[in-house]
Amino acid sequence: MGQKNYKREHWLTIEQLNAIDLLVTGKTDQAVADAVGVARPTVTKWRLDDPHFEAALNRRRKEVWGASADRIRALLPKAFDVLEKAIDEGSYQAALALIKLAGLDGVASKMGPDDAEEIIKKKKHDEEWAKMFGL
């Protein structure tokens, strides 16, 4: 599959938007490339070298994680009920595991910036740092 040329500045192509939806579901770069009609290196380049694509992908990941975290939080009252009953009965490992999962809501903030300008600044900073130390 040949590489497609696309022009845009601060918006994404339909292929890129479709790629984001597929990447969020866990598809590989090759599977995404096949589905959206581009070469695998194109998808990899979007992910690693295109700050606008990276920002949009991070935003989408945060949206997906947020929905999952909401579902987990909604189960907490039931988990507390089960935990209370399980403690009374002497076994509470499963309920406790669910409650520990509820502490994962900070994971979305660790997915990276969702602003392209912030990504550009970080990459520039990293490049300057690498030059300074000969990396």
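The values are calculated or read from the model by the stated rules, or taken from the named source; none is laboratory data. All figures in this text were calculated on a predicted structure; none of them were measured in a lab. Glycine gets a Cβ as well: all are built from the backbone with ideal geometry, and neighbour counts include every protein chain shown.
Here are a few things to note about the model shown:
- Residue match in segment 56-76 (condition: touching a His at 6+ places or on another chain (Cβ under 6 Å), at pLDDT 90 or above and closer than 30 Å to Asp21 by Cβ): no
- Flag if Ile20 is at pLDDT 85 or above, of a type in the set (A, V, I, L, M, F, W, C) and under 18 Å from the mean Cα position of the chain (by Cα): yes
- Scanning segment 63-85 for residues that are among the basic types (Lys, Arg) and more than 20 Å from the chain's Cα centre (by Cα) gives Lys78, Lys85.
- Residue match in segment 39-47 (condition: surrounded by fewer than 16 Cβ atoms within 10 Å (Cβ to Cβ), modelled with pLDDT under 85, of a type in the set (S, T, N, Q) and assigned to a helix (DSSP H, G or I)): no
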